Amino acid sequence: MRQFLGFLVTMVTAALLIYSTPEMPGWGDPNSPASTHVSPRYIEKADEETHTPNIVTAVLADYRGYDTMGETMVVFVAGIGCIMLLRRRQHK
Amino acid sequence: MIRRNDDLIIETLARLLIPFIQAFALYVLFLGHYSPGGGFQGGVLVAASLILLIIAFDLEKTTKRFSEKFNVICNGGGVFIYAGIGLLCILLGGNLLDYSVLSKILPVGPEEARALGILGVEIGVEITVAACLVSIFIDLAANGEN
Amino acid sequence: MDFIIAKYNYWIYIILMMIGLYGMIAKNNLAKKVVGMTLFQTSIILFFISTSVKSGGATVPIVMGDPHLHGHVIPGTVHAIQYLNPLPHVLMLTAIVVMVATFGIAVALLMRIYKRYGTLEGDEIVEIRKQETAS
């Protein structure tokens, strides 16, 4: 029963997602919404403004540095969480 | 718990490979401005070299050299470097993480100051990611016995 | 035919994502649920990376510099059509590391659960908890 219900939910979700694919931009479309809003600004100005030819690094640490600081804190909290869950020290 | 099993080939290979993996990690970090790379990738490489040390030798030998206390200090120190650079930018009169004001204390122009700020931030990310992955692996491998 | 060539990548990600979703919903073992979650995240990462592709000779988002200018370029000569969209790469670079961190936390939780209850099957854990509260 559980397997059947899970299969049903999965199939309905898959049908909805496949039904929506004609609205998505095609493979390699240079005018897709993801490539037209803010990324041309990054590509054209990154090397001029930050002297970093790798645009990914420039966007990661400079334009979106606040975002990356949050991600670093997530990694830090994950490490601390693992220590709290598993590390048991024997008292001597 | 990972115990040492005295395999000559594996130990010699690990001894030989680990310095090269760490040098390559530093290469990936510092060439992140000009080629694919950066803090996250370099940090994962450092963590891979230390995990190779753990599985080729054993846990106690590794934690003698890279103790858990130092590991936790590195884990927080990377975040501290990142946030400290951001705070330094505020203290110099800019916004948070606006590296161009670093040119007031560095002998370079605003654009190069931004590149150097990116480098400092990536070093912080590298330290945090490496220490975090190694500590997760140590905790999972020790199974709560250390 | 053009429609299939333009859209089939989405169908691949949907199939992968549905395998992960089915694993998360229908499997009883907690470790299998974690594997399903990882598959789900992987499909999302592949989907984001595929949105950055531009056909027509675009290359990786690293500006090819002039050797006479120490690897930099003359301002104004870089055009968006020459390079892939860097934004999905940035987001997924951080997402991969966060995925590893969440996977580590999940495995640590699984180890604690196994030590406490001696099993990873969801309904068996529920049974043990019921007996504990009754007694």
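The values are calculated or read from the model by the stated rules, or taken from the named source; none is laboratory data. Here the structure is a predicted model, which means the values were calculated and not measured. Counting neighbours? That spans all protein chains shown, and the Cβs are built from the backbone with ideal geometry, glycine included. Quick note on the areas: whole protein, heavy atoms, side chains included, nothing else; ligands and nucleic acids left out. Shrake-Rupley method; radii C 1.70, N 1.55, O 1.52, S 1.80 Å.
Suppose R0 equals 22 Å. What FRET efficiency, 1/(1 + (r/R0)^6) with r the Cβ-Cβ distance, do A:TRP27 and C:ILE15 give to the nearest 0.05?
0.85
Provide the per residue accessible area, probe 1.4 Å, for chain A, rounded to a whole number of square angstrom.
Roughly 56 Å² per residue, with all protein chains present.
If you count only protein heavy atoms and use a 1.4 Å probe, how large is the accessible surface of A:ARG88, to the nearest 10 Å²?
Its heavy atoms expose roughly 110 Å² to the probe.
When the helices in chain B are scored as -39500 (n - 2.57) per DSSP H run of 4 or longer and the sum is shared across all residues, what 222 nm value do you end up with, to the nearest 500 deg cm²/dmol?
Value at 222 nm, helices only: -25000 deg cm²/dmol.
Return the single residue from C:VAL97, C:VAL107, C:VAL78 with maximal mean-square fluctuation; model: Gaussian network over chain C, springs between Cα atoms under 10 Å.
Result for chain C, Cα springs under 10 Å: C:VAL78 fluctuates most.
For B:GLU60, project a label point 7 Å along Cα to C-beta. Then give me every residue of the stretch B:1-30 with its amide nitrogen under 15 Å of that point.
Label zone hits: B:1-6.
List the accessible area buried at the contact between A and B, summed over both sides and calculated with a 1.4 Å probe, in Å² to the nearest 100. Don't jump to the answer; show the numbers that get you there.
Working: alone 8720 and 8870 Å², together 14700 Å².
Adding both sides of the contact gives about 2900 Å².
For every helix of n ≥ 4 consecutive DSSP H residues, a contribution of -39,500 (n - 2.57) applies; sum these over chain C, divide by its total residues, and give [θ] at 222 nm rounded to the nearest 500 deg cm²/dmol.
-24000 deg cm²/dmol
State the Cα centre-to-centre distance between the stretch B:60-132 and the stretch C:64-83 in whole Å.
28 Å
Given the options A:PRO53, A:PRO22, A:PRO30, which has the most mean-square fluctuation in a GNM of chain A, springs set between C-alpha atoms less than 10 angstrom apart?
Looking only at A:PRO53, A:PRO22, A:PRO30, the largest GNM fluctuation is found for A:PRO22.
For chain A, what % of the accessible area comes from carbon and sulfur atoms, probe 1.4 Å?
66 percent
Once label points are set 7 Å from the Cα along Cα→Cβ at both A:SER20 and C:PHE3, what is their separation, rounded to one decimal in nm?
Rounded to a tenth, the inter-label distance reads 1.9 nm.
How large, in Å, is chain B by the Kirkwood hydrodynamic radius built from its alpha-carbon pairs?
After inverting the mean inverse Cα-Cα distance, the result is 16.7 Å.
Positive end of the dipole of the protein assembly as shown, charges at C-beta (+1 Lys, Arg; -1 Asp, Glu), about the Cα centre: which of C:ILE19, A:PHE4, C:PRO61 has its Cα farthest in that direction?
The one lying farthest along the dipole's positive direction is A:PHE4.
So, taking all protein chains as they sit and a 1.4 Å probe, how much accessible area belongs to B:ILE9, in Å² rounded to tens?
120 Å²
Taking the Cα-to-Cβ direction at B:ASP7 and at B:PHE24 and moving 7 Å from each Cα, how far apart do the two end points lie in nm?
Output for this residue pair reads 2.0 nm.
What residues in the stretch C:3-50 lose 50 Å² or more of accessible surface when the other protein chains are added to their chain alone (1.4 Å probe)?
C:LYS7, C:TYR10, C:ILE14, C:MET18, C:TYR22, C:ILE25, C:ALA26
Have a look at the stretch B:65-107 and report residues whose accessible surface goes down by 20 Å² or more when the remaining protein chains are included, against the chain on its own, probe 1.4 Å, ligands and DNA/RNA excluded.
By number: B:GLU68, B:VAL72, B:ASN75, B:VAL79, B:TYR82, B:ALA83, B:LEU96, B:LEU97, B:TYR99.
Pairs to check: B:LYS64/C:LYS32; B:LYS69/C:LYS115; B:LYS69/C:LYS130; B:LYS61/C:LYS115; C:LYS27/C:LYS54. Give those whose C-alpha atoms are more than 29 Å from each other in this structure.
Going by Cα-Cα distance, B:LYS64/C:LYS32; B:LYS69/C:LYS130; C:LYS27/C:LYS54 fall outside the 29 Å limit.
Suppose the chain between A:PHE7 and A:ARG88 were pulled fully straight at 0.36 nm per residue; how much longer would it get relative to their current alpha carbon spacing?
Gain on extension, A:PHE7 to A:ARG88, equals 25.1 nm.
Given N residues in the protein assembly as shown, what is its alpha carbon radius of gyration divided by 2.2 N^0.38 Å?
Working: Rg = 23.8 Å, N = 373, 2.2 N^0.38 = 20.9 Å.
Compactness ratio reported: 1.14.
Is there a quick way to get the dipole size of chain A? I mean about its Cα centre, with the Cβ of Lys and Arg at +1 and of Asp and Glu at -1; what is the value in debye to the nearest 20?
1060 debye
From the C-alpha coordinates alone, can you work out the Kirkwood hydrodynamic radius of the stretch B:26-68, in Å?
About 11.3 Å, per the Kirkwood formula over Cα pairs.
Please give the solvent-accessible surface of A:THR50 in Å², to the nearest 10, using a probe radius of 1.4 Å with every protein chain present.
Rounded to the nearest 10, that gives 0 Å².
Can you sort B:VAL72, B:VAL46 by solvent-accessible area, 1.4 Å probe, largest first?
B:VAL72, B:VAL46
So if each residue of separation counts as 0.36 nm, and I subtract the Cα-Cα distance between C:THR42 and C:VAL98, what length gain in nm does that give?
Between C:THR42 and C:VAL98, full extension yields an extra 19.0 nm.
Could you name the aspartates and glutamates in cross-link range of B:LYS104, using Cα to Cα under 19 Å and dropping any fewer than eight places away on the same chain?
A:GLU49, A:ASP62, B:GLU112
For the protein assembly as shown, with only Lys/Arg (+1) and Asp/Glu (-1) charged at the beta-carbon, what is the dipole magnitude about the Cα centre, in debye rounded to 20?
So the dipole magnitude of the protein assembly as shown works out to roughly 1340 debye.
Do the sum for chain A: with -39,500 (n - 2.57) for every DSSP H run of n ≥ 4, divided by all residues, what is the mean residue ellipticity at 222 nm, to the nearest 500 deg cm²/dmol?
Dividing the helical sum by the residues of chain A leaves -20500 deg cm²/dmol.
Using the heavy atoms of the protein chains alone and a 1.4 angstrom probe, what is the accessible area of the stretch B:8-142 per residue in square angstrom?
46 Å²
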